[in-house]
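The values are calculated or read from the model by the stated rules, or taken from the named source; none is laboratory data. All of these numbers come straight from a predicted model, not from anything done at the bench. All Cβ positions, even for glycine, are placed from backbone atoms using ideal geometry, and neighbour counts span all protein chains on display. Each accessible area value is taken on the protein alone, full model and side chains, heavy atoms only, with ligands, DNA and RNA left out. Shrake-Rupley method; radii C 1.70, N 1.55, O 1.52, S 1.80 Å.
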Amino acid sequence: MEKSDQNGKLYTRMRLWELPDQYVAEPIDGSSGSCLSVNRDGTITLIDEVPHCTTVRVPKIQTIYGVVGILKLLAGSYLVVITERECVGSYLGHPIYKVLSLKVFSCDRTAKNTRDEKKKMESEFYSLLKVAEKTPGLYFSYEVNITLSAQCLNDLGEESSRLPLWRQAEPRFMWNNYMLEILIENKLDPYILPVIQGTYQNFQAAIGKDIIDVTLIARRCTRRNGTRMWRRGADVDGYVANFVESEQIIQLKGYTASFVQVRGSIPFLWEQIVDLSYKPKFEIMKPEIAPRVAERHFLDLRKKYGNVLAIDLVNTRGDEGRLTEKFATSVQNILNDDMRYYHFDFHKICGHVHFERLNILYDQMEDFLIKNRYYLINDKGEKVETQIGIVRTNCVDCLDRTNVTQSMIGRKMLEFQLQRLGLFDADESISIHPNFDDCFKILWADHGDDVSIQYSGTPALKGDFVRFGRRTMKGVLKDGWNALMRYYLNNFVDGTKQDSIDLVQGHYIVSLSRDLTSNLKKVGIEAIAPYFPVVLGMILMGIFFALLSLMRVRNDYWQLPLSIFWATLSIATIKYVRANCRAFCNRPRLYRPTR
């Protein structure tokens, strides 16, 4: 490095120069720091000023709002930056921004001189980076560490709070942790911007003469991140799919209260391999190590959050029943007063409309919530209460049933806090304040939609109950449409999206082996994805003509062979596509695992 900036303050606006032999990020927010130069060979340096361009070609210039990181691939490096942002609110008094647009720049030109085979592979990897550009739900702050809850921030201490944000950050919630490694190695603190994937919602409401500010923020764990059917269960280290920390914060009369809860997939090894069926079968792998995996998962939760109450909302019957039975037996040996497990068959008890029956579950868990409290600081900044335990909720996807349940828990805890702060009487509830109640419902409904979009590609099901407090016909129809969209995305889109996630988060490295090139060919169902409407049309046409011919058999026996022909054609098409789907799902990956 030519020069090192000692000031840990993050640059908020930069001018990106695209020069013939390098990219240069020049701070333009009033800072006097050095410029970051990313050379075409992938190396990075700090320079005092933007070099003069000696070519006739005018350099391209654009404003950027942060460097997300640098990713090293097969034939070169790629620079990832934020090109558009939006201030969506504040976190504990500090501005928080949402990423509206990411852009990937190729830094290395050596790929143009490589052999065709290698060039083709690099093109495939670059296409995955273009998918990553569309990653939803990315947030950041230049001033406060949003990877930590309010309680964890308070526990940092004065010395740690003065460190650069990336050094304070919780690695499992830092979406760009892997891409920042080269910047961290070179101690480029003013350019190292932690980014989370999750949600942020906020509203203010008046109750009498008091103004209450309510924030809901979610942080997705990157350890087993991915899409719905492609990331299920846990890995051998106990990290689970769709693990999300949700923090509900209120600010009132100078007081700040925070309550954290988490969701995550059932913690042992299981999967659903997409095969064109609407609900693929659940497969439990290595059932003999399930207790050990569950123990590792809950030991990690105990270290980070304290006491744990695990709420399992999965059905007791059918294929889901095998999962909940294995879950119950896996945790049997680790249960005690500080580690509890409750099963609540959501669909059996609440059905599709009677979600008010969740009060049955709340009655079971009320003592745990009261005992383990919430985080509270007074108007002098002094800690009054500490949250010493966590509620962990799961269903199969940890989306729809989970969000309904978490919103109920969040509502109860908010009522406790408002009663404690003297705004509510002992028996007063949110529901008697219509405006406040509506805002709270929308807060959690939007929260559920965002978490669901990031995992499944669609908004949450059952969202009308969270949003309006009841099931509606419009909500039921919307759920039907979203269920069909999930089916399509799971089978035809999410495989590529999963590869993109694994690539940018460093779960896999690029393999240089010669036989890897065959994996770049689109196979199976991925290959027919663009032709899905045609394939579906052929299947429906075959079924239609088979039924039409069958109806005419009574008057013309020659219609029977035609009916058999069309039915056979439809069945053969379905079997062919399903067979190719299995081949696609079981194909060798583009990458080798690294961590």
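Results, tabulated for the structure shown:
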read-out	value
Calculated FRET value between H94 and L560, using beta carbons and R₀ = 51 Å, to 0.05	0.10
Computed FRET value (nearest 0.05) for K286 with N39, which takes r as the C-beta separation and R₀ as 51 Å	0.65
Kirkwood Rh, Cα atoms: Rg over Rh of segment 306-407	1.04
Of every Cα-Cα pair in segment 130-170, the percent that sits beyond 13 Å	58
Average accessible area per residue (Å²) across the chain - probe 1.4 Å, nucleic acids and ligands excluded	45
FRET efficiency, 1/(1 + (r/R0)^6) with R0 41 Å, evaluated for D367 and S101 via beta carbons	0.30
J(HN,Hα) series, segment 359-370, from Karplus relation 6.51 cos²θ - 1.76 cosθ + 1.60, nearest Hz, glycine and proline x	4, 5, 5, 4, 4, 6, 9, 4, 5, 5, 5, 5
With every protein chain in place, the chain: carbon and sulfur % of accessible area (1.4 Å)	54
Inter-centroid distance (Cα atoms) of segment 408-434 relative to segment 451-509, Å	32
Amide proton proximity set for G33, modelled H, under 5 Å, gap of 5+	none
D29-K383 pseudo-label distance in nm [points 7 Å out on the Cα-to-Cβ vector]	3.0
Relative intensity, log₁₀ I(q)/I(0), of the chain from a Debye sum that treats every alpha carbon as a point, q = 0.07 Å⁻¹	-0.49
Mean ellipticity per residue at 222 nm, deg cm²/dmol - from DSSP H runs of n ≥ 4 across the chain, formula -39500 (n - 2.57)	-11500 deg cm²/dmol
Using θ = phi - 60° and Karplus 6.51 cos²θ - 1.76 cosθ + 1.60, couplings along segment 268-282 (whole Hz; Gly, Pro as x)	8, 7, 8, 7, 10, 8, 5, 8, 6, 6, 5, 10, x, 5, 7
Where only alpha carbons of segment 228-283 are counted, the Rg and the Dmax (Å)	17.2, 55
Eligible lysines near K380 by straight Cα distance, threshold 19 Å, same-chain separation 8 or greater	K253
Estimated translational D of segment 295-337 in µm²/s (Stokes, Kirkwood radius over Cα pairs; 25 °C; 0.890 mPa s)	214
Extended-chain gain in nm, criterion 0.36 nm per residue less alpha-carbon gap, K303 and R317	1.7 nm
Per-residue ³J(HN,Hα) for segment 434-439, Karplus 6.51 cos²θ - 1.76 cosθ + 1.60, θ = phi - 60°, Hz, x for Gly and Pro	x, 5, 5, 4, 4, 4
Residues with amide H under 5 Å from that of L421, placed H, sequence gap 5 or more	none
Filter on K412/K478; K103/K497; K9/K60 - keep pairs with C-alpha separation over 20 Å	K412/K478; K9/K60
Burial ranking of peptide ranges 455-465, 341-351 (average Cβ count within 10 Å, highest at the top)	455-465, 341-351
Packing-based ranking, highest mean first, of 199-209, 439-449 given that Cβ atoms within 10 Å are counted	439-449, 199-209
Space enclosed by the convex hull of the alpha-carbon atoms of segment 107-261, per residue, Å³	176
Sequence-separation-based contact order of the chain, relative, with Cα cut under 8 Å and 6+ spacing, percent	11
Estimated distance in nm for a label pair at D48 and V493, the labels positioned 7 Å out from Cα along Cα-to-Cβ	5.2
